[in-house]
């Protein structure tokens, strides 16, 4: 899945298996069946049983699974279910804190998306990103904020979380990973705030967001889509660059390799074929 553009990854709790087909129909780029935070401790076994039944009955479906953390009693069994089904396209590893945890999870044969949610995970991010089997990074702003003792939702908290975002971007680039996904936006009804958060994530270099409600999918996609003016500019740049010149002028502005790269990324984000 490294070559795919992932803008939205929509969570659905495994305790509500009837919602999985609905989530798959939302247009989200990927659906994550959740065995962790959305599932009460008393329902862990039921959730995993539901997941396995869905996977057996829907072999054509493609989902990701958020397993329980490496230190959780259900972790090994969660991974075993993922390993048994080709329908599982990847595993989200919550509360990732070491490369060793990632390596053990990757033994299930699926791409791993570590979720950084603690100071320890952030401190060991370089090793986590470089671990065999990692495809993409993300982070949990609420859990990380709690661990760091910051006041969630404040300007000060965002300054700290932006440093975590920078670390994810940097380590993703150094490890050759797909663009990371930003944390969930918890205020489900605040679609304007979601659009602002998505635009900021886009401008920082994130590929998209983790989503917790179907209504968020279209907003994220629309916000990430380049507008018509940007796409027309990108097409003009690549058309002019076809001459093979290292530096040239488009719309009165000098264009060199980094500008060409930006034009290519805009077209890729829009799903357009590159010349």
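The values are calculated or read from the model by the stated rules, or taken from the named source; none is laboratory data. This is a predicted model, so every value here is computed, not measured. Cβ coordinates were reconstructed from backbone atoms using ideal geometry, including for glycine residues, and neighbour counts include every protein chain displayed.
Of note:
- Checking each residue in the range 214-238 for being crowded, with 16+ Cβ neighbours inside 10 Å and either over 20 Å from residue 264 (Cα atoms) or out of contact with any helix residue (DSSP H, G or I) (no Cβ under 8 Å at 6 or more places or on another chain) (or both) picks out 214, 216, 217, 219, 220, 221.
- Only one entry of 142, 125 meets the criterion of being touching a residue at least 40 places away in the same chain (Cβ under 8 Å), touching a helix residue (DSSP H, G or I) at 6+ places or on another chain (Cβ under 6 Å) and on the phi < 0 side of the Ramachandran plot, and that entry is 125.
- With respect to being without any contact (Cβ under 8 Å) to a residue 40 or more places away in the chain, under 25 Å from residue 135 (Cβ atoms), exposed (fewer than 13 other Cβ atoms within 10 Å of the Cβ) and under 16 Å from the mean Cα position of the chain (by Cα), residue 176 fits the description.
- Test for residue 167: is it surrounded by 16 or more Cβ atoms within 10 Å (Cβ to Cβ) and at negative phi: yes
- Every test in (1) touching a strand residue (DSSP E or B) at 6+ places or on another chain (Cβ under 8 Å); (2) assigned to a loop (DSSP other than H, G, I, E, B); (3) under 16 Å from residue 147 (Cβ atoms) is passed by residue 115 save one, and that test is (2).
- So residue 157, is it within 17 Å of residue 181 (Cα to Cα) and either modelled with pLDDT of 95 or more or over 16 Å from the mean Cα position of the chain (by Cα) (or both): no
- Selection from the range 67-98 of residues that are out of contact with any strand residue (DSSP E or B) (no Cβ under 8 Å at 6 or more places or on another chain), outside any loop (DSSP other than H, G, I, E, B) and either surrounded by 19 or more Cβ atoms within 10 Å (Cβ to Cβ) or touching a residue at least 60 places away in the same chain (Cβ under 8 Å) (or both): 75
- When each of 50, 4 is tested for being assigned to a loop (DSSP other than H, G, I, E, B) and either within 17 Å of the chain's Cα centre (by Cα) or modelled with pLDDT of 95 or more (or both), the lone residue that passes is 4.
- Residues of the range 131-174 that turn out to be assigned to a helix (DSSP H, G or I) and farther than 18 Å from residue 90 by Cβ, as a count: 26
- Note on the range 100-110: residues that are surrounded by 19 or more Cβ atoms within 10 Å (Cβ to Cβ) and either in contact with a helix residue (DSSP H, G or I) (Cβ under 9 Å, 6 or more places away or on another chain) or not in a helix (DSSP H, G or I) (or both) total 5.
- Residue check, residue 186 within 23 Å of the chain's Cα centre (by Cα), in contact (Cβ under 8 Å) with a residue 40 or more places away in the chain, farther than 23 Å from residue 158 by Cα and outside any helix (DSSP H, G or I): no
- Residue in the range 20-38 that is surrounded by fewer than 17 Cβ atoms within 10 Å (Cβ to Cβ), out of contact with any strand residue (DSSP E or B) (no Cβ under 8 Å at 6 or more places or on another chain), closer than 27 Å to residue 223 by Cα and without any contact (Cβ under 8 Å) to a residue 24 or more places away in the chain present: yes
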